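S.K.: Right, I'll just put the structure down here and ask away after.
Bear in mind these aren't lab numbers, they're just calculated from the coordinates by the rules spelled out. Bear in mind that the values here come from a model prediction, so they are computed numbers and not experimental data. Neighbour counts run over all protein chains shown; Cβ positions are idealised from the backbone, glycine included.
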Amino acid sequence: MGSLETQCARAQSSILEIAPAAKNMFSFLKDSDEIPQNNPKLKAHAVKVFKMTCESAIQLHEKGEVVVADTTLKWLGSVHLQKGVIDPHFEVVKEALLRTVKEALGEKCSEETSDAWAEAYDQLATAIKNEMKAEAAT
């Protein structure tokens, strides 16, 4: 299965395999020829994305909804808006995340598990997109 950091970096690398142009959205990858999985800033970013998705899954299971702190949500909306993130980018991240979860869990990854991860990510992405729209309107 590998360490959390390794799995998270694998998910981020999958994003770049699916959408190579996404590399330019990450300031720490733009001018780098380094293998993305070896980039410590990418690993740190990947762990943050994974942890937020995990927190979303827990909230969804316990409360039936995903709630992101206003300050965090405002920051995420702002950063994603500044980087020019659009709906298809969120789908690429979702695909990479689900691919990595399936690879990490192997035979233990049921359809129910995959669906739960997808729902948690979708709700988190929706919250970020809504904040992006709100910020763009101001």
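S.K.: Multiplying the sequence separation of Cys109 and Asp33 by 0.36 nm and subtracting their Cα-Cα distance, what value in nm do you get?
M.R.: Once the chain is fully extended between Cys109 and Asp33, it gains 24.0 nm.
S.K.: Tell me the relative contact order for the chain as a rounded percent, counting alpha carbon contacts under 8 Å between residues six or more apart.
M.R.: After rounding, I find 34 percent.
S.K.: Could you list the GluC sites (Glu not before Pro) in segment 32-78 that lie in coil according to DSSP, counting only those with at most 16 other Cβ atoms within 10 Å of their Cβ?
M.R.: Here the GluC sites (Glu not before Pro) that fit, given the DSSP loop and packing criteria, are Glu34, Glu65.
S.K.: Return the subset of Lys108/Lys129; Lys30/Lys74; Lys63/Lys108; Lys43/Lys133; Lys23/Lys51; Lys43/Lys83 for which the Cα-Cα distance in this structure is over 23 Å, preserving the input order.
M.R.: Correct reply: Lys108/Lys129; Lys30/Lys74; Lys63/Lys108; Lys43/Lys133.
S.K.: Given N residues in the chain, what is its alpha carbon radius of gyration divided by 2.2 N^0.38 Å?
M.R.: For the chain, the normalised Cα radius of gyration comes out at 1.04.
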